[in-house]
Structure formats: C-alpha cells, structure tokens
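A quick write-up on the structure given underneath.
The values are calculated or read from the model by the stated rules, or taken from the named source; none is laboratory data. Predicted model, so just to flag it, every value in this text is computed and none were measured. Positions of Cβ are generated from backbone atoms using ideal geometry, with glycine treated the same way; all protein chains shown enter the neighbour counts.
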Amino acid sequence: MRRLVGALLTGLGGLFLAVAVGLLLFVAPAVNKLPYDTQACPKAPEAAPAGCIKPSVVIARGAQILKVDDHGINVITANVRTTVEVVPQVKLTAEQQEAGKVSNDAVIWAVYTTVTDADTGDPISSSSTELAIDRVSGEAVDWGGQWVEDQATPIRYSDHVYKFPFGTEKQDYKIYDTTTRKSSDAKFQGEEEIDGLTVYHFVQQIPDTNAVVSESNISTLLDRFAPDAKSGVVSYHNTREVWVDPVTGVYAKVRERQHQELRADDGKVQVLLDADFQTAPESLADSVQTAKDNGASLKAVGVYAPIGFGVLGVILVVVGLILLRAPRTAEAVGANPEAGPDDRVARWDESLPQPRERLREDAT
C-alpha cells in the first residue's frame, strides 16, 4: 500500500512540475502580449467591459494654442483638454496578416486625438493616425498601411509611440515624436511610486528643431501671421516625461512641455503653441488601477502559479520517493512465511517474556 501511495504521489508531483514549466514556457509568454480582440471602452453611461482601453486625457492650464474655426486662424489662451483614444483594428489586423502585409506578432491601432477647451468644451483641433505595433515590445513595426491625417506629410513610425514593452527595464528607450517624425532617447531617471504602483520614470528632451509641416499649412500660417514673408518654418521643442508601469509597459502618467512658433524669413515670430500638458487626475487614477489589475493577472500566471505548482510538485515527488524507497514493514515480512534470509527485518518473538524483536541472524 505504501509503495502504491508513493507511486501516485511521485506521478502527481511530476504532473505539477510539468504544469509549472508549461506556465513559464508557453502560457506566460502568451499572456504577456497585447491581445488581438482588445476593444476601446465605450463612452458613459454604457458599462465598460473588462480589459477595454480607456481614453487618455491630459490637461494644460493657461495654454497658448492655435485654433482654426469659422472666425479664422487665431492663437488663443485657454485651459486645454486633449483626449487620446486608441481603437484596435481587429478585422483589419486579421486581413493584413492573412495578406502577409503585417506579421502575426503585430496589431493595428487607430488613434484619435481631440483637443477642446477644458472650460467650455468647444473644439480646438483634432487629428487621427493608424499604425501597427509589436504585441510584446510595443514598438512600431514596418507596415505599408500606416498613415497620418495630414497626407501631405507622410509618416513612417518606429520605436515606441504609445507604450513600452512588457517587462520594461531600467534602461533608455527611444520614443518616436510625430511632430519631428524622428525618434530620440527617453532616458531612465529612476523608480518612483504613484498611488501604490511602482513606475519607471523616463525623460525625453527634444531641442529646437523644425517641425514637419506641409507647404500648404506653412503658406496658410504665413498669410495669417507674416503676410510679407516669402518663407518660414515652424520651430519646435519639447520635454516629454513618461511614467511607465514596468510589468505591462503602459504609460501611467505623461507630461509634455511643448513649444511651437512660426519663424518667418522677414523676422516675424508668432507663438503657435506653448503648453504644459499633464495627465488629468481621473485619467491617472484609471491608468494606475488598470496597471495594477493587469499586473496582478500577469504575475499570477507568470510568477505565483509556476512557483506554487513547482514547490508543490517537488514536495510530492520527494514524499513519493521516500515512500517508494522505505524498507518493508515487519508486519508485511512476518506475514510472508517464504521470506528469504535476505529479508533483514525484525520479527516478534512471542516466546520471550515481553514482546521484543529478535533479528533472524541472532543465534541466541
């Protein structure tokens, strides 16, 4: 009976060890990826399904910003609210993968940005773009279908744009800037904590450089702000800070101090944008909570479950082997009248005054 139990425990322990290895080698890598079927969260009051992508909102108080409306082109001062909505393109991703135009490790996102007056809700500007990103690293991948709303200035995404990799490390990463159409280093600053969530802080410095602006837009700006000029450029600089959840690579918090100005060849300079954008409190709370929830799920599959199954498997195997290798009991040997001389197990000798064990080799 003991040997049977030992064999069962050993087999069960081996099974648990196999499960632990399987979780580490197959299940954990599979869940540490952006899923294909993620959806954007619907607008209130409709209930948001679990795992949907919530809009990211940043606020800039007292910002100078260019506004185009029925009154013409003007630079206004206002409290500005910018909302970025990511809408995964599930069907398009499947079609592009089937056609071999994008890899199976990528997913296509459409991103919509809306800028409004934070106090009145009046629209100021809007834009949209579409890109493909790697499901693990979060980096933009080469895809011929990528576009930006301003078709006059083609775009070719690279490096990180909207998220960092799963398992972000304490090192520098490159972030792509859509204004300059270039990537540059976001330098690791240190580890911080936001509402109980451990995050990594990165800073990207973009010095004065010419923004990529179509000729038609430059001409429109010159007509409005420097009618005597023949040419001009839009100068741009930015200090971008991101606080990243290292488990999922999601931006928990963002801050951008942007400045753009038109510099005409006649010497005129007109500020087009001067703003300090920071993640809105409600958006920060959503990002932190989402990161905590997703991080807990990933750790459960990739850390806690493998360790639990592994430890339990080792314990069961050890106990099972002990039972299998244990000597047969005296009762079992005594019940067998054909036990040979090599069965060196103690017997009960009932002829003695008190129950005692006598070895078979004892000739006394």
Legend entry - Conditions (1) farther than 29 Å from A252 by Cβ; (2) among the small types (G, A, S); (3) touching a residue at least 24 places away in the same chain (Cβ under 8 Å): number failed by A78: (1)
Legend entry - Residue satisfying condition, being under 30 Å from T77 (Cβ atoms), modelled with pLDDT of 75 or more, in contact with a strand residue (DSSP E or B) (Cβ under 9 Å, 6 or more places away or on another chain) and buried (at least 17 other Cβ atoms within 10 Å of the Cβ), within set A291, A275: A275
Inset, instruction - Scan (1) modelled with pLDDT of 95 or more; (2) farther than 28 Å from W147 by Cβ; (3) under 20 Å from the mean Cα position of the chain (by Cα) for the single condition Q270 breaks and write down its number. - result: (3)
Inset, instruction - Look at G249 and say whether it is in contact with a Phe, Trp or Tyr (Cβ under 7 Å, 6 or more places away or on another chain) and outside any helix (DSSP H, G or I). - result: yes
Legend entry - For F164: the one exception among (1) at positive phi; (2) buried (at least 19 other Cβ atoms within 10 Å of the Cβ): (1)
Legend entry - Pairs, first in contact (Cβ under 8 Å) with a residue 24 or more places away in the chain and under 17 Å from K101 (Cα atoms) in region 134-163, second among the basic types (K, R) and assigned to a loop (DSSP other than H, G, I, E, B), C-beta under 6 Å, six or more apart: R135/K33
Inset, instruction - Please go through region 123-168 and pick out each residue that is in a loop (DSSP other than H, G, I, E, B), closer than 20 Å to T113 by Cα, in contact with a strand residue (DSSP E or B) (Cβ under 7 Å, 6 or more places away or on another chain) and among the β-branched types (V, I, T). - result: I155, V161
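Only one residue in V111, V80, V102 is surrounded by 14 or more Cβ atoms within 10 Å (Cβ to Cβ) and modelled with pLDDT of 95 or more. Which one? Spell out how you get there, then give the answer.
Working: V111 fails: modelled with pLDDT of 95 or more; V102 fails: modelled with pLDDT of 95 or more.
Result: V80 is the single residue among V111, V80, V102 that is surrounded by 14 or more Cβ atoms within 10 Å (Cβ to Cβ) and modelled with pLDDT of 95 or more.
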Inset, instruction - Answer yes or no as to whether G190 is within 20 Å of A252 (Cβ to Cβ) and loosely packed, with under 14 Cβ neighbours inside 10 Å. - result: yes
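So which of V141, V136 is more than 22 Å from E256 (Cα to Cα) and in contact with a Ser or Thr (Cβ under 7 Å, 6 or more places away or on another chain)?
Details: V136 fails: in contact with a Ser or Thr (Cβ under 7 Å, 6 or more places away or on another chain).
Just a single option satisfies the conditions, and that option is V141.
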